[in-house]
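The values are calculated or read from the model by the stated rules, or taken from the named source; none is laboratory data. Keep in mind it's a predicted model, so treat the numbers as computed, not measured. Here Cβ is always computed from backbone atoms with ideal geometry, including for glycine, and neighbour counts include all displayed protein chains.
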Amino acid sequence: MIPDGNTVIEARGLAKRFGDVQAVAGIDFDVREGELFGFLGPNGAGKSTLLKCLMRIHTGWTGRAYLHGRDLHRCSQRELARSVAYVPQPGGDQSFPYTVREFVRMGRYAYSGPFGTAHPGDQAAIDAAMRRADVQEFADRTLDTLSGGERQKVFIAAVLAQGSDILLLDEPTAFLDYRHQAEVAEVLHSINQDSGATILSVTHDVNAAMLTGGHVLALRDGEVAWRGPTGDLACEKTLGCIFGASFRFLDDPVTGLRLVAPQGAMR
Amino acid sequence: MRRYGWLVLFLLGSVGVVLFAPLIGGQTISIDSVLAARPDDPAAVIFWDIRLPRACLAWVAGAGLAAAGMAFQAMFRNALATPFTLGVSSGASLGAAVGVRLGLGATLLGFSGVTAGAMGGALLAIAIVYGLTRLKRNCTTGAMLLAGVAVNFFFSSLILLIQYTADFYDTFRILRWLMGGLQMVGFDAPLRVLPFVSAGAILLAAVVGELNLLTVGEELAASRGVAVARIKTLLFLSVSAMVGVIVSICGPVGFVGLMCPHICRLIVGADHRRLLPATVLFGGAFLVTCDTVARTAFAPTELPVGIFTSFLGGPFFLWLLLKPPRNTALAT
């Protein structure tokens, strides 16, 4: 099936199994150019797995996926990395003895020549990415000396240096304090608005998804539980079906959005 | 020039050690006597035919083992991963012992049969350890090292079995060789190891970008465009083969691959574009120095160099294990 010109990612029956566990059970979706596309759902719903299948971090998945109309299985990993970049979940094992500059430079791997030689555009891309993610001030510090928030900005700088027009973000603001959440959200927003980058992000936070806007694909136990624009999320039945929990709704006078607060497990 | 100042220093230091070390020994040789002497002067013979080839072999072997350690540390994301701790050296030892026992090395100066055995043993060991770490998802550092220890024990018992069934002469040969020694005459041995170490170093130079990304994690590496599975297979096979050749000739000289990359990382940083040349040059000079100390410390008795490197390496290993983890990726 050839997707129309505006569709950048098209997935058909995408499924991934780990041993006996069906992590993702045959999912279809289309992502359009410049779109904000959220994967929402409880822990273990298969959101991160789906993202990693698209990045081919996980191999051995079944079904079809097309990138700009091209079968994902026919792209080399380098070609894929020039179009698609990935930011892993913050926290975990992410402290490396590399300096920030060295780490951001690694984002240019897909363009490097034999013996790791630099591409002519590398330096400009690295400088621009570091400026945009606002990490120049700690450019020469090593990653293991940074705070979680600073490190997340460095990861975003590295992804910007990669120069891909599609970004896959796994819980980009999880575990960050409010200031860093706002800073990271601001950078991502500007990437989407100014550069027209397509952003696919995973979250379990309904409010974050609604504030981000765009389209949502909600997963539960590896299957699609709901899909639609984020504006339609604030519905007790919808959220109950996705999360198996009940919510209260609060109207935000500033944004006019209907935000949610959890109310304990549904009986 | 300032950017590459460290490289010039490493290069001069490394070459200097190789040229200076042969002057030291049971009989101290002066530079004058080497340069001015007639070819049949005993001092010149000792320098050119015995000590310089030995220093060259030590340099090539040290460079190769250090580079191998660096590659394993990047792949396992762990500073304790080396050919020695992961059982690759003992695998090579077993293969070589089998070669000696079957008399495979007799005809071709110990090359074909024993070397092939050592390479096969090295590959077998890394396949077992890597297979075990893959079998268990989220395999921890501890589990990986324990797998290496288990492989070491298992292969050691097989080596003992071979020794037990061997005759007195073979037993002695295997035992002396297991201590890791560089005793030999002429340039045959260094020239035999050199092509393998050169090929290994060139291959590693070709994948410095991949090594950097593997150090930050396989998922990130894949997302930046590294074909992770292919690169890892390539590295495992080629690095293990290189270690196999070195071990087949020098014996299982331990801990060079543990100490040298770590010391270099402290000096030039973690970026493999700098770390690889630094590690190769430092590793070579390091083993030459160790060998010089080993053959002079208890002169006229010459200790096998493996005894000395293990003597240094044991405490170094413990220090790495116990020091507070400054970072998670390449500490412990």
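Things to note:
- Here B:Ala118 meets the list (1) aliphatic (A, V, I, L, M); (2) surrounded by 15 or more Cβ atoms within 10 Å (Cβ to Cβ); (3) within 14 Å of another protein chain (Cβ to nearest Cβ) almost entirely, failing just condition (3).
- Any hit, region B:225-235, residues being in contact with a Ser or Thr (Cβ under 6 Å, 6 or more places away or on another chain), in a helix (DSSP H, G or I) and under 20 Å from B:Ala63 (Cβ atoms): no
- Helices (runs of 4 or more DSSP H) wholly inside region A:23-107 that include at least 3 residues being buried (at least 16 other Cβ atoms within 10 Å of the Cβ) and facing another protein chain (nearest Cβ under 8 Å): A:77-83, A:100-106
- Only one of the numbered conditions (1) among the small types (Gly, Ala, Ser); (2) surrounded by fewer than 23 Cβ atoms within 10 Å (Cβ to Cβ); (3) more than 25 Å from A:Ala218 (Cβ to Cβ) is violated by A:Ala15, and that is (3).
- The residues of region A:136-145 that are more than 24 Å from B:Glu210 (Cβ to Cβ) and away from every other protein chain (no Cβ under 11 Å), listed by number, are A:Gln136, A:Glu137, A:Phe138, A:Arg141.
- For B:Asp291, the conditions (1) closer than 23 Å to A:Gln77 by Cβ; (2) acidic (Asp, Glu); (3) in contact (Cβ under 8 Å) with a residue 24 or more places away in the chain are fulfilled apart from (1).
- Residue within region B:234-241 that is closer than 17 Å to B:Val114 by Cα and away from chain A (no Cβ under 11 Å) present: yes
- For the residues B:Leu52, B:Leu35, the requirement of being among the hydrophobic types (A, V, I, L, M, F, W, C) and surrounded by fewer than 16 Cβ atoms within 10 Å (Cβ to Cβ) singles out B:Leu35.
- Scanning region B:236-243 for residues that are more than 24 Å from B:Pro277 (Cα to Cα) and surrounded by 22 or more Cβ atoms within 10 Å (Cβ to Cβ) turns up nothing.
- The set of residues in region B:250-266 being in contact with a Gly (Cβ under 9 Å, 6 or more places away or on another chain) and modelled with pLDDT of 85 or more consists of B:Cys250, B:Val253, B:Phe255, B:Val256, B:Gly257, B:Leu258, B:Met259, B:Cys260, B:Pro261, B:His262, B:Cys264.
- Selection within region B:66-88 - assigned to a helix (DSSP H, G or I) and either aliphatic (A, V, I, L, M) or modelled with pLDDT under 85 (or both): B:Ala66, B:Ala67, B:Ala68, B:Met70, B:Ala71, B:Ala74, B:Met75, B:Phe76, B:Val88
- Residue, surrounded by the most Cβ atoms within 10 Å (Cβ to Cβ), within region A:172-194, restricted to residues that are of a type in the set (S, T, N, Q) and either more than 16 Å from A:Phe37 (Cβ to Cβ) or touching a Lys or Arg at 6+ places or on another chain (Cβ under 8 Å) (or both): A:Thr173
- Residues in region B:172-193 that are surrounded by fewer than 17 Cβ atoms within 10 Å (Cβ to Cβ) and either more than 22 Å from the chain's Cα centre (by Cα) or at pLDDT 85 or above (or both): B:Phe172, B:Leu191.
- Among the residues of region A:6-22, just one is in a loop (DSSP other than H, G, I, E, B) and touching a residue at least 24 places away in the same chain (Cβ under 8 Å), namely A:Asn6.
- Hits in region B:203-221 - residues which are hydrophobic (A, V, I, L, M, F, W, C) and more than 7 Å from every other protein chain (Cβ to nearest Cβ): B:Leu203, B:Leu204, B:Val207, B:Leu211, B:Leu214, B:Ala221
- Selected residue [in a helix (DSSP H, G or I), surrounded by fewer than 17 Cβ atoms within 10 Å (Cβ to Cβ) and away from chain A (no Cβ under 14 Å)] from B:Phe154, B:Phe196: B:Phe154
- Residue ranges of strands (runs of 3 or more DSSP E) in region A:134-239 with at least 3 members touching a residue at least 12 places away in the same chain (Cβ under 8 Å) and over 19 Å from B:Glu219 (Cβ atoms): A:215-220, A:223-229
- Qualifying residue in region A:115-131 (condition: within 11 Å of another protein chain (Cβ to nearest Cβ), crowded, with 17+ Cβ neighbours inside 10 Å and free of Cβ contacts under 8 Å to residues at least 12 places away in the same chain): yes
- Only one of the listed residues (B:Phe316, B:Phe286) is farther than 30 Å from A:Ser112 by Cα and at pLDDT below 90. That residue is B:Phe316.
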